[in-house]
Amino acid sequence: SRVGVRRTGLSALARFARTGDQSALQLATGCLKDVNEYVRLSAVEALGQLVRPEPGGQTIICDGEHWLAVSLRRLLRQGRPEFRGAAVMAFGEVMPRGRGFESEVSSLCEDRAEFVQMAA
């Protein structure tokens, strides 16, 4: 299926692209707006892998001005709740812990879409 191809492509991208590769990050970020939920979830997972040199390690994103953080913030304001939900999950995967970035998504705990609330 086409969904399977997109998901497999994202998995391969995350596995073989260099950590922080801008083209790979852009492609995965674009897939957060895919019409298929499973592709969006695969994109979240790929982003989490692409920003960490080792699983569970520190992210390469060190501040909120990084272009990826700016792109995700834009998605947090999308009209479609499924895109906001994917952006919330991606934000949690790519941003460093304990640096005050948690406040970025806290307002979405009151989002009108339950899915977005749960993701936040």
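The values are calculated or read from the model by the stated rules, or taken from the named source; none is laboratory data. Since we're looking at a predicted model, the values are computed, not measured. No Cβ is skipped: glycine too gets one built from the backbone with ideal geometry, and neighbour counts run over all protein chains shown. Each accessible area value is taken on the protein alone, full model and side chains, heavy atoms only, with ligands, DNA and RNA left out. Shrake-Rupley method; radii C 1.70, N 1.55, O 1.52, S 1.80 Å.
Among the residues of segment 15-27, is there at least one that is open to solvent by 70 Å² or more (accessible area, probe 1.4 Å), among the small types (Gly, Ala, Ser) and more than 10 Å from the chain's Cα centre (by Cα)? Break it down stepwise before answering.
Quick first cut of segment 15-27, residues open to solvent by 70 Å² or more (accessible area, probe 1.4 Å) only: 15-16, 18, 22-23, 26-27.
Of the ones still in play, those that are also among the small types (Gly, Ala, Ser) are 23.
Add one more test, that the residue is more than 10 Å from the chain's Cα centre (by Cα), and what stays is 23.
Yes; the residues of segment 15-27 include at least one that is open to solvent by 70 Å² or more (accessible area, probe 1.4 Å), among the small types (Gly, Ala, Ser) and more than 10 Å from the chain's Cα centre (by Cα).
Mind listing whichever residues of segment 70-98 are among the basic types (Lys, Arg) and assigned to a helix (DSSP H, G or I)? Let's see the steps before the verdict.
First, pick out the residues of segment 70-98 that are among the basic types (Lys, Arg): 73-74, 77, 80, 84, 97.
ARG73, ARG74, ARG84 - these are the residues of segment 70-98 that are among the basic types (Lys, Arg) and assigned to a helix (DSSP H, G or I).
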- Scanning segment 63-120 for residues that are open to solvent by 30 Å² or more (accessible area, probe 1.4 Å) and among the basic types (Lys, Arg), the one farthest from CYS31 (Cα to Cα) turns out to be ARG99
- Task: Out of VAL35, VAL39, VAL44, VAL5, report the one residue that is modelled with pLDDT of 90 or more, of a type outside the set (D, E, K, R) and part of a loop (DSSP other than H, G, I, E, B).
- Result: VAL35
- Just one of (1) in contact (Cβ under 8 Å) with a residue 12 or more places away in the chain; (2) within 20 Å of ARG80 (Cβ to Cβ) trips up ALA17, so point out which. (2)
- Search segment 39-64 for residues that are under 16 Å from VAL5 (Cα atoms) and pair each with any residue that is not in a helix (DSSP H, G or I) when their beta-carbon atoms are under 6 Å apart and the residues are at least 6 apart or on different chains. ARG40/ASP34
- Query: Of the conditions (1) open to solvent by 80 Å² or more (accessible area, probe 1.4 Å); (2) modelled with pLDDT of 95 or more, GLN49 fails just one. Which one is it?
  - Reply: (2)
